[in-house]
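For reference, the structure is listed below as structure tokens.
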Amino acid sequence: MASTSEILTAATARFSADTGLSAREGQILQLAAQGFVDKQISDELGLAYTTVKSYWSRIYSKASVSNRQLVIARLLTSLATTSDRQSVPDIGNDTKGPFVQSSRKCRRPNVIRIAT
């Protein structure tokens, strides 16, 4: 059985190829998916903090999302095999926050849970 790190590496490689991310952008995304914050990512990769922020802008653009949570959610949905992708909900480009879908009938947001 593959370790979590190996699975995440494979998912990042697949996601990077699908979205056209560079190798460095893939490294930043993988570290973020492991729970690193920007300062830790910059220290780990030997980059300036502002450089990491600049990379995030490019990652958002290439993945067509507006925030880090949506990029990581899309990365995690790429773990599903091609045959399983029909059962994975499209999270869209929600600008209200991660995994939140508003309902006009309800004042509280509905949380979309992603099965792991």
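Nothing in this text is a laboratory measurement; each read-out follows from the coordinates by a stated rule. Computed from a predicted structure; not experimentally measured. Cβ coordinates were reconstructed from backbone atoms using ideal geometry, including for glycine residues, and neighbour counts include every protein chain displayed.
Residues that are surrounded by 17 or more Cβ atoms within 10 Å (Cβ to Cβ) and free of Cβ contacts under 8 Å to residues at least 12 places away in the same chain were ranked within the range 29-70; the one that is farthest from the chain's Cα centre (by Cα) is Leu47. Among the residues of the range 41-77, write down those that are among the hydroxyl-bearing types (Ser, Thr, Tyr) and farther than 17 Å from Ser22 by Cβ. Listed by number, the residues that qualify are Tyr49, Thr50, Ser66, Thr77. The range 13-82 holds helices (runs of 4 or more DSSP H) entirely within its bounds, and those carrying 3 or more residues that are more than 21 Å from Ser3 (Cα to Cα) and of a type in the set (D, E, K, R) map to 38-45, 49-63.
How about the range 1-28: which of its residues are farther than 15 Å from Tyr55 by Cα, of a type outside the set (D, E, K, R) and exposed (fewer than 13 other Cβ atoms within 10 Å of the Cβ)? Met1, Ala2, Ser3, Thr4, Ser5, Ile7, Ala17, listed by residue number.
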